[in-house]
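Single-structure report; data block below.
Computed from the coordinates by the stated procedures, all read-outs in this text should not be read as laboratory data. Every value quoted in this text rests on a predicted model; they were computed, and no experiment measured them. Every residue, glycine among them, receives a Cβ derived from its backbone with ideal geometry; neighbour counts consider all protein chains shown.
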Amino acid sequence: MRVFVTGATGFIGAALVPELIGAGHQVLGLTRSEAGAKALAAAGAEVHHGSLEDLDSLKRGAAAADAVIHLAFIHDFSKFEENCEIDRRAIEALGSVLKGSDQPLIVTGGTGLLAPGRLATEDDKPAGHFPRLSEAVASALAAAGVNASVVRLPQVHDTAKQGLVTYAISVFREKGVCAYVGDGHQRWPAAHVVDVARLYRLAIEKAEKGAIYHAVAEEGVPAVDIVNALGPRLQLPVKSITPDEAQAFFGWLAMFTTLDLPASSEQTKKKLGWQPTHRGLIADLEELQVG
């Protein structure tokens, strides 16, 4: 297949492009920069210039491909709802091209806030207050005849980046201390970026309309373990803070640091034959690249 990938030069995209090409697919990668174009060309992908806000460029990319994987998202959490709206318009634009065909569209969502306090599964639906709109748009597109499915991401990691943990690290450096809330029992699911890339490939090859996949290798890594791994790498002390202190310490991250958010991928593994093989989050944090 010729696969149009948004976010092709991003963290997951940089692992997905060689995964697709290695499996015999062609990749048309979206980029807005010359540096991104050079990286895509070096990886063996075709270059498609455009951006999430240039809906015409997205439509042209989708029209030139047999399948679409939508990874791109603007990760500026000070404008999160605005960026969710940009994401919604981008997905609708991609879907408008694919409507009436069997060409698959994979949209990216998240496991966070699905079912706080219990193990979230692929059957759980995002809560009504969840600001990211990708799943709702994918569901509407599937109902309208688009072969749309969703991959939900946990904390995707290697030694350079680790999902929301990366933002927590910035807070720890600013505050001069690594903190967890209460007894640190709160869990975050995780998966290595290479395992996640393979899941996206398997999902696009299966192309099951309306499917929900969880890219979860570890169901839940306790916050206390995450922070205890980070302390020595960052050369910072570790301490517990109370739930009442979380908002002042973590800012927007507090909603995640105070909740237990484990997630399962049993259905995904059975459907796709996906078996994560790369190392876990703590092992990567213990070799964290520190600058």
- Give the shape of the range 14-72 as rounded, prolate or oblate, defined through the alpha-carbon gyration tensor: a ≥ b ≥ c are the square roots of its eigenvalues, a/c under 1.5 means rounded, and otherwise the shape is prolate if a/b is larger than b/c and oblate if not. oblate
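Could you work out the relative contact order of the chain, using alpha carbon pairs under 8 angstrom and six or more residues apart, expressed as a whole percent? Mind showing how you got there, number by number?
Values: 612 pairs, mean separation 54.7, N = 291.
Worked out over the chain, it gives 19 percent.
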- What's the exposure ranking of L141, L30, L253, going from fewest to most Cβ atoms within 10 Å? L253, L141, L30
- Message: If I build a Gaussian network model for the chain, linking alpha-carbon pairs within less than 10 angstrom, which residue out of P232, P126, P262 has the largest mean-square fluctuation?
- Response: P232
- Filter the GluC sites (Glu not before Pro) in the range 183-291 to those in DSSP coil with at most 15 other Cβ atoms within 10 Å of their Cβ, and list the result. E208, E286, E287
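Based on DSSP, what percent of beta bridges with both residues in the chain are antiparallel, to the nearest 5? Mind showing how you got there, number by number?
Numbers: 4 of 37 bridges.
Roughly 10 percent of the DSSP beta bridges within the chain come out antiparallel.
Using the number of other C-beta atoms within 10 angstrom as an exposure proxy, rank T9, T277, T258 with the fewest first. Please list the in-between numbers first.
Details: T9 25, T277 10, T258 17.
If I rank by nearby Cβ atoms, fewest first, I get T277, T258, T9.
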- In the range 137-291, how many lysine pairs have Cα atoms under 18 Å apart, counting only pairs 8 or more places apart or on different chains? 7
- Query: Hey, what angle do you get for helix 134-143 against the long axis of the chain, alpha-carbon based, 0 to 90 degrees rounded to 10?
  - Reply: 30
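Any idea what the alpha-carbon Rg over 2.2 N^0.38 Å comes to for the range 218-291? The partial results should precede the final answer.
Numbers: Rg = 15.4 Å, N = 74, 2.2 N^0.38 = 11.3 Å.
Taking the Cα Rg and dividing by 2.2 N^0.38 Å, one obtains 1.37.
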- Task: Could you work out which residue, out of L261, L28, L272, moves most in a Gaussian network model of the chain, that is, has the largest mean-square fluctuation with Cα springs under 10 Å?
- Result: L272
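Might you report the magnitude of the Cβ-based charge dipole of the range 32-98 about its Cα centre, with Lys and Arg at +1 and Asp and Glu at -1, to the nearest 20 debye?
On the way: 7 positive and 12 negative charges, 37 e Å.
The dipole magnitude comes to about 180 debye.
If you take the square roots of the eigenvalues of the alpha-carbon gyration tensor of the chain and sort them as a ≥ b ≥ c, do you get rounded (a/c under 1.5), prolate (a/b over b/c) or oblate? Please report the intermediate quantities before stating the final value.
On the way: a/c = 1.77, a/b = 1.59, b/c = 1.11.
Prolate, because a/c is 1.5 or more and a/b exceeds b/c.
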- Could you state the angle between the C-alpha long axis of helix 13-22 and the longest principal axis of the C-alpha atoms of the chain, as a value from 0 to 90 degrees rounded to the nearest 10? 50
- Message: Considering only C-alpha atoms, what is the centroid distance from the range 74-111 to the range 29-43, in Å?
- Response: 21
- Considering the dipole of the chain built from charges on the beta carbon (Lys and Arg +1, Asp and Glu -1) around the Cα centre, which of A62, L234, S33 is farthest to its positive end? A62
- Item | the range 150-217 - charge dipole about Cα centre, Lys and Arg +1 at Cβ, Asp and Glu -1, debye rounded to 20 | 120
